[in-house]
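Novice: Would you mind keeping the following structure in view while I ask a few things?
Read the figures in this text as sums done on the coordinates, not as results from a lab. These numbers were taken from a predicted model, which means no experiment stands behind them. Cβ coordinates were reconstructed from backbone atoms using ideal geometry, including for glycine residues, and neighbour counts include every protein chain displayed.
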């Protein structure tokens, strides 16, 4: 017996013309997927993954992807849609998510968007900046220059052409420095001058923003360490080996820059011991969680739930029911 019986979406939304959507956001290891799976037992939902790593085929362990049984029991979307040699963008996510949300609503169900890629949530609701798509040739050129000169020199170059963006990036932040320089070389304009140009217009859904935020950061860090250990035990290193065997991958591809995968790549290249792999992977995941929490603090109209509390799923479900009732 479920906590709440499934109800007709028409009954739940009679007083609001816009259809509802529920967002479940939070840092890595906060238990978002588990809560979403529980919510799916209470309400007629389909889940849209808001995760920039779960889009990749074959990247299962390091992304904590829902297993086949879970995906068979509850409709999931935007999982396993591209090869790890390809790139995926916030703009493409927005297009895909809006199309999927429309279809889910048409089927009489509720879109439940779950994940930790906060940029995607913002792109979905606020629109996408007027930035060019990734250009593989430009990226390869920048990577070659960085190999010869170092990322500190590339950061200095960015400072000369886009000081506003450079000021908020550390000299070692290779991924973001490369993207900012790529945008400048493709458009002749600094990223800072383009990033504010967003598509405007009312968002066509009524949203409940649930943020799963730990009240005790130290306990989340313990979860992160245990989770990365579990991934190693489940065969994360072997997963990356197999990906390298099957695909023409490089360390500069977005897929291999994902937390966990980057550290395993370094390990396979002989740049880290097993102990260092564990330490680096855990530290990188903690930094990811910190960035995700920073995003959440800057967001408006969110309702926080302590992700470490007992009865979390029941509490979130109760709030969802109130929201859907109007």
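Novice: By count of other Cβ within 10 Å, fewest leading, how are 105, 294, 187 ordered?
Specialist: Ranking 105, 294, 187 by Cβ neighbours within 10 Å, fewest first, gives 294, 187, 105.
Novice: May I ask you to sort 274, 182 by Cβ crowding, counting other Cβ atoms within 10 Å and putting the fewest first?
Specialist: Placing the least packed residue first, the sequence is 274, 182.
Novice: Angle check, please: helix 32-42 long axis (alpha carbons) against the longest principal axis of the chain (alpha carbons), in degrees 0 to 90, nearest 10.
Specialist: So the helix axis and the longest Cα principal axis differ by about 20 degrees.
Novice: Now for a different question. Looking only at the stretch 212-249, which residues have a backbone nitrogen under 13 Å from a spot 7 Å from the Cα of residue 269 in the C-beta direction?
Specialist: 249
Novice: Moving on to the next point. Just to compare against my own numbers: the Cα pair-distance distribution for the stretch 9-154, 5 Å bins, whole % per bin, please.
Specialist: 2, 8, 16, 18, 18, 14, 9, 6, 4, 2, 1, 1, 0
Novice: Note down the relative contact order for the stretch 49-141 as a percent, whole number, built from C-alpha pairs under 8 angstrom at least six residues apart.
Specialist: 36 percent
Novice: Further, regarding this structure: With labels modelled as points extended 7 Å from the Cα through the Cβ direction, what inter-label distance (nm, one decimal) is found for residue 217 paired with residue 159?
Specialist: 2.8 nm
Novice: Still on this structure, please answer the following. Apply the Kirkwood formula to the chain: the hydrodynamic radius equals the inverse of the mean of 1/r over all pairs of different alpha-carbon atoms; give it in Å with one decimal.
Specialist: 21.1 Å is the Kirkwood radius here.
Novice: How many percent of DSSP beta bridges within the chain run antiparallel, rounded to 5?
Specialist: Antiparallel bridges: around 5 percent, rounded to the nearest 5.
Novice: Over the chain, what relative contact order in percent results from Cα pairs under 8 Å that are six or more residues apart?
Specialist: After rounding, I find 28 percent.
Novice: Please list, in order, the residues from the stretch 77-93 whose amide nitrogen is less than 14 Å from a point placed 7 Å along the Cα→Cβ vector of residue 136.
Specialist: Hits in the stretch 77-93 for residue 136 at 14 Å: 83-88.
Novice: Can you tell me the orientation of helix 274-298 relative to the chain, as the angle in degrees between its alpha-carbon axis and the longest Cα principal axis, to the nearest 10?
Specialist: 60 degrees
Novice: With r as the distance between the Cβ atoms of residue 321 and residue 126 and R0 = 25 Å, compute the FRET efficiency 1/(1 + (r/R0)^6) and round to 0.05.
Specialist: The formula returns an efficiency of 0.35 here.
Novice: Could you work out how far helix 174-187 tilts from the main Cα principal axis of the chain, as a 0 to 90 degree angle to the nearest 10?
Specialist: 80 degrees
Novice: Same structure again: To the nearest 0.05, how large is the calculated FRET efficiency for residue 173 and residue 119 if R₀ is 22 Å and r is the Cβ-Cβ distance?
Specialist: That pair, residue 173 with residue 119, gives E of 0.90.
Novice: Once you have the Cα-Cα distance between residue 193 and residue 248, take 0.36 nm times their residue separation minus that, and quote the gain in nm to one decimal.
Specialist: 16.3 nm
Novice: Sort 82, 61 so that the residue with the fewest other Cβ atoms within 10 Å of its own Cβ comes first and the one with the most comes last.
Specialist: 82, 61
Novice: Which log10 I(q)/I(0) values does the stretch 136-194 give at q = 0.15 Å⁻¹ under the Debye formula, counting every alpha carbon as one identical point scatterer?
Specialist: Summing over Cα pairs of the stretch 136-194 leads to -0.35.
Novice: State, to one decimal in nm, how far the label point of residue 233 lies from the label point of residue 314, with both points 7 Å from Cα in the Cβ direction.
Specialist: In this crude label model, residue 233 to residue 314 measures out at 2.8 nm.
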